[in-house]
1. How do the pairs read when you match residues in the stretch 186-209 that are assigned to a helix (DSSP H, G or I) with residues anywhere that are near the ligand (Cβ under 7 Å from one of its atoms), using Cβ under 7 Å and keeping only pairs 6 or more apart or on different chains?
2. Pick out the one residue from 49, 77 that is closer than 18 Å to residue 17 by Cα and hydrophobic (A, V, I, L, M, F, W, C).
3. Within 16 Å of the ligand (Cβ to nearest atom), of a type in the set (Val, Ile, Thr) and in contact (Cβ under 8 Å) with a residue 24 or more places away in the chain: is that true of residue 238 in this structure?
4. Report whether or not residue 3 is more than 14 Å from the ligand (Cβ to nearest atom), surrounded by 21 or more Cβ atoms within 10 Å (Cβ to Cβ) and within 25 Å of residue 182 (Cβ to Cβ).
5. Given the criterion farther than 19 Å from residue 17 by Cβ, at pLDDT 95 or above, buried (at least 19 other Cβ atoms within 10 Å of the Cβ) and among the small types (Gly, Ala, Ser), identify the matching residue among 220, 174, 170.
6. Would you check which residues across the stretch 88-121 are among the small types (Gly, Ala, Ser) and farther than 21 Å from residue 138 by Cβ and list them?
7. Looking only at residues that are touching a helix residue (DSSP H, G or I) at 6+ places or on another chain (Cβ under 6 Å) and either more than 10 Å from the ligand (Cβ to nearest atom) or of a type in the set (Phe, Trp, Tyr) (or both) in the stretch 24-43, which one is farthest from residue 228 (Cα to Cα)?
8. From the residues in the stretch 52-74 that are part of a loop (DSSP other than H, G, I, E, B) and either within 16 Å of the ligand (Cβ to nearest atom) or under 17 Å from the mean Cα position of the chain (by Cα) (or both), which one is farthest from residue 19 (Cα to Cα)?
Amino acid sequence: MRLEGKTAIVTGSSRGLGRAIALAIAREGADVLVNFASREEPAKEVAAAIEQLGRRAILHRADVSNGAQARAMVQAAVATFGRVDILVNNAGITLPKGLLETSEAEWDRVLAVNLKSVFLCSQAVAEGMIAQGGGRIINIASTAGQTGSLSGPAYCASKAGVEGLTKSLARAFARHNVLVNAIAPALIDTEILYWRTPEQWKTTLESIPLKRLGDPNDLAEAVVFLASNGGNFVTGATLDVNGGLHMG
Ligand SMILES: NC(=O)c1ccc[n+]([C@@H]2O[C@H](COP(=O)([O-])OP(=O)(O)OC[C@H]3O[C@@H](n4cnc5c(N)ncnc54)[C@H](OP(=O)(O)O)[C@@H]3O)[C@@H](O)[C@H]2O)c1
């Protein structure tokens, strides 16, 4: 097992990619705090599945765009696990609207959930990771932040911001052995994609060189790599997990 004895927080792990990440990390030996915003039932199932693997799980509701809630989430992990070795900033929302249709409040919400949360949660774990001599922060960005997409300007801007923030934190914390990386996925089969019309689906699938949607486990394996010894000399990077959609 590649993460035996480690402890992790995965934001937005009630479903989708976060669920797959939390389970993959637990299968590799880590205890996991399962965070959700509103859907408690699926989050409970993820926590139960982690416990069935023989790991400890904490179920924790928090809106990670709220500083007090983000800090309380990290405190809950430290209170039970004693430390946080791995933070996966995964929680996110989309807003597939054009510039002219996007309201100021919608812009602020997308930027808060997708980008400010990465700042808040990273800030909340940083001191502990420095004090314990290291840690891993893995931020889920998006191909949309690299290329622009139908996901809308707020979403694309937030995800481009995640990549910039990742590089900034990687430089700042490298001397403390806190490694900070991003993963930029595209078109992995989760609810976040389901706003597309049948015509948009057709075009989307045709545009992927691997000619299929990604499976959440494709992404989870990339997270395990960056969280484990395989990622020991990787920091400030963005790993593309996109079926070849964009070759940056
Ligand atoms: N799927 C893809 O193809 C794809 C591509 C590029 C990037 N991404 C990124 O990957 C990440 C995960 O997406 P997904 O596809 O798994 O989406 P998803 O199925 O819609 O899941 C989103 C998760 O985020 C949680 N969440 C939303 N707002 C939150 C908040 N304020 N605080 C805490 N948790 C919150 C949700 O919790 P509740 O269940 O409680 O609502 C849920 O667990 C996102 O950052 C997304 O932008 C996905």
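1. Note: pairs meeting the criteria are 191/15; 191/16; 192/16; 192/94; 193/187; 204/187.
2. 49
3. For residue 238, the condition - within 16 Å of the ligand (Cβ to nearest atom), of a type in the set (Val, Ile, Thr) and in contact (Cβ under 8 Å) with a residue 24 or more places away in the chain - is met.
4. Spelling it out, residue 3 is indeed more than 14 Å from the ligand (Cβ to nearest atom), surrounded by 21 or more Cβ atoms within 10 Å (Cβ to Cβ) and within 25 Å of residue 182 (Cβ to Cβ).
5. 170
6. 98, 103, 105
7. Of everything passing the filter in the stretch 24-43, 36 is farthest from residue 228 (Cα to Cα).
8. 66
The values are calculated or read from the model by the stated rules, or taken from the named source; none is laboratory data. The structure displayed is predicted, hence computed values, not measured ones. Ideal geometry is used to build each Cβ from the backbone, glycine not excepted, and the neighbour counts take in all protein chains shown.
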